[in-house]
Amino acid sequence: MAARRISSLLSSSATSLGRFSSWGRRINSFSTAAAAIDEPIHPSIQVDHTQLLINGQFIDAASGRTFPTVDPRTGDVIARVAEGDLEDVNRAVAAARKAFDEGPWPKMTAYERSRIMLRFADLLEKHTEEVAKLETWDNGKPYEQAAKIEIPMVVRMFRYYAGWADKIHGLTVPADGQLHVQTLHEPYGVCGLIIPWNFPLLLYSWKVGPALACGNTVVLKTAEQTPLSAIYVSKLFHEAGLPPGVLNVVSGFGPTAGAALSSHMDVNKLSFTGSTATGKIVLALAAKSNLKPVTLELGGKSPFIVCKDADVDKAVELAHSALFFNQGQCCCAGSRTLVHENVYDEFVEKAKARALKRVVGDPFKTGIEQGPQIDNEQFKKILKYIRSGIESGATLESGGEQFGSKGYYIQPTVFSNVQDDMLIAKDEIFGPVQSISKFKDLEEVVQRANASSYGLAAGVFTQNLETANTLTRALRVGTVWINCYDIFDAAVPFGGFKMSGQGREKGIYGLSSYLQVKAVVTPLKNPAWL
């Protein structure tokens, strides 16, 4: 979902995930080759919650089954988690339905809902260290990234939407004739939310925050690879005073729990973040059941365009961040690096040098830039794409192999001379593989950038305002970053064009995903004015 690096300070509430170049430069002197050899650090946290959370209570799955969640540093099992399926989804939806139809949540004042969300944000901030440790242990992302960037962003997102809760209102609409017309903005009811494994808590906040602020109730399905942090923070939500049944968490697998939630006849709204292939299945299940509306944030193959007037050193660092952050496991990663022919050779050499200096190792260690991939399946998939790049004739400038001998670590990999018909230029790899191509002029780069089924994001690096404006309007994507990348603010909407999804998350646009508009028309007798 994003390509950013650790910043030393987070003093601004409008946190940027793109301000990490200074940290990257400071650790250039570290040895990449030695970073992952030592015995993994055992995090000082105990996993206490592995059950389903339904109607405010932790309970076992109806079947009694559990599944392992593993440490991607080693492949060892961290804990066994309750495996929810159809019966558990039914129980969770019933609890959410009762909480919406009969409970206090949608009937309490919006200000009171806001206060509960703010109390939760305070609790989450207080428990940042524990939550970040769980996120790193279960996911493999650097602890510094989780603790200093992502958890503060989650806190900020909930405070942002808590502020919106009592500012949601309809309109009074002038109409022809003696009529009073008003619109009401109403919650859908029960919302099914399915979050991914690459940014579990960030996407938790993007979905749960607006859904609850609008007065809905929620059934959340976690990714089977990373269930622990969402279960933990949902417990904190109940400590903050959230009524039972308002937020239910079901861990489980897509074909069972995910399919049951997507096709459930009593779920009124669905939001999914994940691959485009799975998004199509979710959308079809929603349509075949009760035509529930669906928000989709899906895959990407985002172009990062370096123009001929670029400061090459800065462009190299930014392109590196845009691709390699979070082990390259980001839907909006700048995974197609398109460089003008005038600066191409210089850019390739410096991109190679930067990749060779990237620090890979145990994500709990200070100064680590890159941890392991999420699991063995993703690990093997990335290595397969690397082999494809070599076999199709791209030039392997760096990396290309497993890093170390244990865990799912992959060397930071850079390809040059990448052609548009190669799989590494077309497919979403979701790993630390940078593909660098050459272009001649703006007309060519616009055509090539848009010649993709995806349209999530793009980066443009230029010192020319006219060039920036031309590309901003020409690129068929949901977000364009100019001379920056992965700037994420709670108020800025995010979503894709084409097969990168539908609908928007974050900001005021994110609220509309969880509200229905009702028109109310009343005749007036002898009105004093119209």
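The values are calculated or read from the model by the stated rules, or taken from the named source; none is laboratory data. In this text the structure is predicted, and so the values were computed from the model without any measurement. Using ideal geometry, Cβ is built from the backbone for each residue, glycine included, and neighbour counts are taken over all protein chains shown. Note: accessible area is taken over every heavy atom of the protein model, side chains too, but ligands, DNA and RNA are not part of it. Shrake-Rupley method; radii C 1.70, N 1.55, O 1.52, S 1.80 Å.
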* Spin-label proximity, A528 to segment 172-188 - amide N less than 20 Å from point 7 Å beyond Cα toward beta carbon -> 172-175, 177-182
* Asked: the chain: longest stretch without exposed GluC sites (Glu not before Pro) (DSSP loop, at most 12 other Cβ within 10 Å), sites themselves excluded?
  -> 103-340
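When Lys and Arg each count +1 and Asp and Glu each count -1, what net charge do the other residues less than 13 Å away from P255, Cβ to Cβ, add up to?
Working: positive: K221; negative: E83, D85, E224.
With Lys, Arg at +1 and Asp, Glu at -1, the net is -2.
Expected output is a single nm value to one decimal: the length gained when fully extending between L171 and A491, i.e. 0.36 nm times separation in residues minus the C-alpha distance. What is it? Working shown, then result.
On the way: separation 320, 0.36 × 320 = 115.20 nm, distance 2.22 nm.
In short, 113.0 nm is gained.
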* To do: Normalising by the residue count of the chain, find the relative contact order in percent from Cα pairs under 8 Å and 6+ residues apart.
  => 20
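Provide Rg over Rh for segment 303-496; use the alpha carbon set for both Rg and the Kirkwood Rh (inverse mean inverse pair distance). Provide the component values of the computation, followed by the final result.
Details: Rg = 15.9 Å, Rh = 16.8 Å.
In segment 303-496, Rg relative to Rh is 0.95.
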* To do: Let me know the Kirkwood hydrodynamic radius for segment 73-194, please, with Cα pairs as the basis and the value in Å to one decimal.
  => 18.3
* Asked: Pairs K126/K506; K98/K126; K221/K384; K357/K438; K207/K292: which exceed 20 Å Cα-Cα?
  -> K126/K506; K98/K126; K221/K384; K357/K438
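Going highest first, how would you order 272-285, 177-190 by mean Cβ packing within 10 Å?
Numbers: 272-285: 19.1, 177-190: 16.4.
Top of the packing list down: 272-285, 177-190.
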* Asked: If you take the charge dipole of the chain about its Cα centre, with +1 on Lys and Arg Cβ and -1 on Asp and Glu Cβ, which of G407, L52, G170 is farthest toward its positive end?
  -> G170
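May I ask you to compute the full-extension gain from E391 to R473, defined as 0.36 nm times their residue separation minus their alpha-carbon distance, rounded to one decimal in nm?
On the way: separation 82, 0.36 × 82 = 29.52 nm, distance 3.61 nm.
Additional length available on full extension: 25.9 nm.
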* Would you mind calculating the gained length between K126 and Q46 on full extension (0.36 nm times residue separation, minus the Cα-Cα distance), in nm to one decimal? => 27.1 nm
* Per-residue SASA entry for C191, accessible area with 1.4 Å probe, Å² rounded to 10 -> 0
